[in-house]
Structures are given as C-alpha cells and as structure tokens.
Amino acid sequence: MSRQYYIAGNWKMHKTRAEAAALANELVEQLKGASHKYLVAPSFTLIETVAGIVKGTNIRLGAQNMAPEEQGAHTGEVSVLQLKDIGVETVILGHSERRHNYLEYDSLINKKVHLALKHGLEVILCVGELLEEREAGQAEKVCESQIVNGLEDVSAPELANVVIAYEPVWAIGTGKTATPEDADAIHAYIRKVIGRLYSSTAAENIIIQYGGSVKSDNVKALMAKENIDGALVGGASLKSETFVPIAKFS
Ligand code: PEP
C-alpha cells in the first residue's frame, strides 16, 4: 500500500495576518523533517502572508473554497486563477459549513472540482452526514451520493489529484468524534464506491482523511485504522501546541 498519511489544518475564519504568520512560522520550524504530508488552509486574506512562509517547506498551501468560474462578474468570490497566482496548491471543496450554512449543492461543488483539477490544484472533497441522517441509518447513502455527484465526469487520471475527507457533520467542532471503528467503516465504504466508479487500484490509492474533533489524544487510534489515511483538523489546527502533536503522531 502506497498511501501516505496526510494531515491538514483548516484555519476557517480565524486569525489576522500577524497571527497567521506566527503560527505558520512555528509549524515550519516544528514540522521540519516530519514524515507525513501536511497542509494549512488559511482565509483568503492570509494566504499570501502564509505563502511566503511555507514556500519550499514540507507544508502545502491550501484555500478553503473557490468560485465555480475562472473570472468575471462574481461579486465576493475568489477565482482559481487568483489562488494559483499566490501559490495555492490545494483547495478544500464541499466542506460541511459550505454545504449547510452557505447552501452549496453537489452540482456546484462538482463544477468547482472540475475547475480546480483543470488548473492543476489538488482537491480535498469533503463529504459527511448530518446527525439525523446517521440516526436514520443513511450515513453511507449520503456520503455515496456526495461522492458520486461531486466527482461526476472526473476522469481516472484527474482522480489522482483528489483527496476525500470524511467529516460527519455532528462531529465537526463539537468535541464528539466518530469512534475509530465507525469512521473506518465509512472510509471502507467510500473506498468501495471509488472502486466501483473507477478501479480497484484507484480505491487502493485514494487518500481518505477523517475530520471531526481530531485531537492529540484520539489521532493515533483513528490513524491506526486500515482505511483512515490522515486528518482534516479544524479547532486543533489553530495552535502549534495542539496541531503539531497531531501532525507528528506515529
Ligand atoms: C473541520 O472543520 O474540517 C473540522 C474537522 O473541524 P474540527 O476539527 O474543529 O471538528
């Protein structure tokens, strides 16, 4: 198996430029030589500052969203061309906060996925069920439909630049984590869906991160599971004291 652990920090709508620079500098220093793959995704206004700090290090630069069009009359949006221009390598798409608070739907997310891949960005496609969907036994079905629709017409070569993040909505920012067994079961199911849509090789190779209240005290048990290949971390990514122990788990 060739999958590498991938630990990503989603800073959401936090930090000023000075605070972001301080955190980025601490991470560069403390993750130097560390063995997994890393990403930080700051707010748009912070990206250029952080770009200057992580450039040439083992930390990739990410954005938390982007527009579904390259350019034009799209007030308030940020384009893939603008992101690439300041050094962004990865974009998080379909985060549950975008889906549920800003009403982003699968076909819109799919348009963004295509645009990002066309421009050579890596995509972290987030999927995950609401609490009521889990309680109704719909978790697999919800994730499957978000994947099938989010990846519609994405080719097999393009899939190599896609990471899936399974983030049960009820576990995001709540302090509740899926048990490693429950998370692994959904990851295994997602892998099966990728196998059906693409190939067994694609299923074997795709990185599937878990997200939802990942902390230093639960990361090891989660990552020990066969189908969990990394973490998308929100709250605990905002301080080096909490992110570095997650990033350096072994
Ligand atoms: C997230 O926003 O992707 C996330 C997983 O947040 P938290 O770690 O705070 O639950």
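Does the range 1-123 come out rounded, prolate or oblate by the C-alpha gyration tensor, with a ≥ b ≥ c the root eigenvalues, rounded set by a/c under 1.5 and, if not, prolate when a/b is larger than b/c and oblate if not?
Because a/c hits 1.5 or more and a/b exceeds b/c, the range 1-123 counts as prolate.
Calculated from DSSP H runs of 4 or more alone, at -39500 (n - 2.57) each and per residue, what is the 222 nm mean residue ellipticity of the chain, nearest 500?
Rounded to the nearest 500, it is -12500 deg cm²/dmol.
Starting from the coordinates of the alpha-carbon atoms of the range 6-247, obtain the Kirkwood hydrodynamic radius over all distinct pairs and give the value in Å to one decimal.
17.9 Å
Treat every Asp and Glu Cβ in the chain as -1 and every Lys and Arg Cβ as +1, leave all other atoms uncharged, and give the resulting dipole magnitude about the Cα centre to the nearest 20 debye.
580 debye
So who's got an amide H within less than 5 Å of the one on Ile92, skipping anything under 5 residues away but keeping other chains? H placed 1.01 Å off N, in plane.
HN-HN under 5 Å from Ile92: Ala63, Gln64, Asn65, Ile124.
Express the carbon and sulfur contribution to the solvent-accessible surface of the range 6-247 as a percent, rounded to the nearest whole number, probe 1.4 angstrom.
Carbon with sulfur: 51 percent of the solvent-accessible area.
Kirkwood-based Rg over Rh for the range 115-183 (C-alpha set), two decimals?
Taking Rg over the Kirkwood Rh, I get 1.04.
What do you get for trypsin sites (Lys or Arg not before Pro) in the range 1-61 restricted to DSSP loop and a cutoff of at most 10 other Cβ within 10 Å of the site's Cβ?
Passing both the DSSP loop test and the Cβ count: Lys32.
Cβ under 10 Å from Tyr5's Cβ, Tyr5 left aside: what net charge do those residues give with Lys, Arg +1 and Asp, Glu -1?
After counting each charged neighbour, the total is +1.
Excluding Val163 itself, what net charge comes from residues whose Cβ is under 14 Å from its Cβ, given Lys and Arg +1 and Asp and Glu -1?
The answer is -1.
Identify, among Val148, Gly235, Met66, the residue whose Cα sits farthest towards the positive end of the charge dipole of the chain, taking +1 on the Cβ of Lys and Arg and -1 on the Cβ of Asp and Glu, with the dipole about the Cα centre.
Gly235
What is the magnitude of the charge dipole of the range 90-210 about its Cα centre, with +1 placed on the Cβ of each Lys and Arg, -1 on the Cβ of each Asp and Glu, and no other charges, expressed in debye to the nearest 20?
300 debye
Would you report the distance distribution of C-alpha pairs in the range 133-250 as whole percents per 5 angstrom bin, up to the bin with the largest distance?
2, 11, 22, 23, 18, 13, 9, 2, 0
In the range 179-218, whose amide N lies under 20 Å from the spot 7 Å out along Cα-to-Cβ of Ala136? List them in ranges.
Zone members listed by number: 186.
If the limit is 20 Å between Cα atoms, which of Lys112/Lys239; Lys176/Lys248; Lys225/Lys248; Lys15/Lys37; Lys84/Lys111 go over it?
Lys112/Lys239; Lys176/Lys248; Lys15/Lys37
Tally Lys/Arg at +1 and Asp/Glu at -1 over every other residue whose Cβ is under 13 Å from the Cβ of Gln82; what's the total?
-4
Taking amide hydrogens as modeled 1.01 Å from N in the peptide plane, which residues meet the under 5 Å criterion relative to Gly230, leaving out close sequence neighbours?
Here the answer is Tyr6, Tyr210, since their amide H atoms fall under 5 Å of that of Gly230.
The values are calculated or read from the model by the stated rules, or taken from the named source; none is laboratory data. All values derive from a computational prediction rather than experimental measurement. Here the Cβ is made from the backbone with ideal geometry for all residues, glycine too, and neighbour counts use every protein chain on show. Please note that ligands, DNA and RNA were not included when accessible areas were found on the heavy atoms of the full protein model with its side chains. Shrake-Rupley method; radii C 1.70, N 1.55, O 1.52, S 1.80 Å.
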